[in-house]
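These notes are about the structure you will find just below.
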Amino acid sequence: MQFQNATATASRRRVEAASQRETWALWVAAGATLGMLGVVIGAAGTHALADRLDADSMDTLETAVRFQMYHALALVAVGAIRKAWPVSRAVTLSASLLLFGVVIFCGSLYLLALLDIGLFGAIAPIGGLSLMAGWGTLAVAAAQRFATSARQRGIS
């Protein structure tokens, strides 16, 4: 019975470890999806909404698309980093914060541009803070990785 429990526990740990290693693909897929949606929304804004939105709303829409595209590329890069550094929880946290930030920041700007309800403009800073935290967490992850690598090489 103890052997079966030990085997089951070891098997569960291998599955969890494999799952952790493969989260990189989730972040690449999320970034690619955001990029595709950014192109679609940008094209819609340029072609379908240009005559319906005033200049301020178009500026807001363009800002949202621009930030979405920047962070779509960032998520693809973070996915690649996650694959290279499979045990880094900080990289996973960074990706989560970036994705949340894009949804809240860009989503609220899209709603502000389309509906002209000021409340959505007040929500955007929450997403902006999440984006900043995502970049900061990625910087911490890189610093930790550098420090670990330096210790392993005997560099102080």
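Looking at residue 140, is it more than 23 Å from residue 33 (Cα to Cα), in contact (Cβ under 8 Å) with a residue 24 or more places away in the chain and either touching a Gly at 6+ places or on another chain (Cβ under 6 Å) or not in a loop (DSSP other than H, G, I, E, B) (or both)?
So residue 140 passes the test.
Against the conditions (1) open to solvent by 40 Å² or more (accessible area, probe 1.4 Å); (2) in a helix (DSSP H, G or I); (3) small (Gly, Ala, Ser); (4) over 23 Å from residue 130 (Cα atoms), where does residue 77 fall short? Just the number, please.
For residue 77, the exception is condition (4).
If you scan the stretch 135-154, which residues turn out to be open to solvent by less than 60 Å² (accessible area, probe 1.4 Å) and touching a Phe, Trp or Tyr at 6+ places or on another chain (Cβ under 8 Å)?
Listed by number, the list holds a single entry, 141.
Go through the stretch 107-134 residue by residue and tally those that are free of Cβ contacts under 8 Å to residues at least 40 places away in the same chain, surrounded by 12 or more Cβ atoms within 10 Å (Cβ to Cβ) and among the aliphatic types (A, V, I, L, M).
Number of matching residues: 7.
Only residues that are of a type outside the set (D, E, K, R), in contact (Cβ under 8 Å) with a residue 40 or more places away in the chain and open to solvent by 50 Å² or more (accessible area, probe 1.4 Å): list them for the stretch 82-106, please.
Within the stretch 82-106, 85, 87, 93, 99 meet the criteria.
Please give the number of the condition residue 49 fails out of (1) part of a helix (DSSP H, G or I); (2) farther than 15 Å from residue 101 by Cβ.
Failing condition for residue 49: (1).
The values are calculated or read from the model by the stated rules, or taken from the named source; none is laboratory data. What you see is a predicted model, and the numbers here were worked out from it, not measured in a lab. A quick note on method: Cβ atoms are made from the backbone with ideal geometry, for glycine too, and the neighbour counts reach across all protein chains shown. To get the accessible areas, we keep the full protein, side chains included, count just its heavy atoms, and leave off ligands, DNA and RNA. Shrake-Rupley method; radii C 1.70, N 1.55, O 1.52, S 1.80 Å.
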